[in-house]
1. What single numbered condition from (1) in contact (Cβ under 8 Å) with a residue 12 or more places away in the chain; (2) over 25 Å from residue 160 (Cβ atoms) fails to hold for residue 223?
2. Scan 279, 206 and give me the residue that is over 28 Å from residue 96 (Cβ atoms) and at pLDDT below 95.
């Protein structure tokens, strides 16, 4: 993605607050003085974009549009924690669903990212349709120790079909650091968690208990189910997402499922950040 100067025919952007300040869901977290406000950033550019004064039919538009929506965290009592969380949220908005962060992304702003996306569009002489990119970060769940964020992406830049994806991020509310499954589970949990995960996966996909995953259209190494690390903590259990193409063709779409706590209580560290859900 190219950056710098952006010569384009039309450019418009909006940054707004979507609603009033919100307390986190759990009262024990609210007592820490952490709250958030949803923000929305929009920018578009191209030779034929809709605007307040010009209506353009979708099929006639020649426009690239970018939209970000995200929570902006604030705290009077813990400003450093809020800053760390906001920096992480920004990083998620700028990163692709798959892959590792780049140095370029780390130094970009939302505005620069949007300008670069639109510039790529306006400099491509073969574009006969519009491009779009929407990314959002939502607060899914929190306890007094953990916060689950969900990053979602949808876009189209030409080709046979749009692209989309979702990624969970679990944070330790004491330091705003990402939390892995290894941090929450007892050593040696992997095999048993995979068994519970396959059960939940099959239920979500309405598969029989013993059918071949490969014959059902899924691509797991050696036809053996294995969880990924795209997980989130919620009130009912651990949720996982397999994005399109990850274990199945695009036409089959993504798979999201939840492993109930009652199926994995013995796997959870009793003295860990999720200890209240252990046996």
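1. Residue 223 satisfies every listed condition except (1).
2. After applying the criteria, what remains is 279.
Yes/no per residue for (1) modelled with pLDDT under 90; (2) within 23 Å of the chain's Cα centre (by Cα); (3) farther than 15 Å from residue 136 by Cβ:
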| residue | (1), (2), (3) |
| --- | --- |
| 25 | yes, yes, yes |
| 29 | yes, yes, yes |
| 44 | no, yes, yes |
| 52 | yes, no, yes |
| 58 | yes, no, yes |
| 64 | no, yes, yes |
| 68 | no, yes, no |
| 71 | no, yes, no |
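The values are calculated or read from the model by the stated rules, or taken from the named source; none is laboratory data. Owing to the predicted nature of the structure, the values given are computational and were not obtained by experimental measurement. Note: ideal-geometry Cβ built from the backbone for every residue, glycine included; neighbour counts use all protein chains shown.
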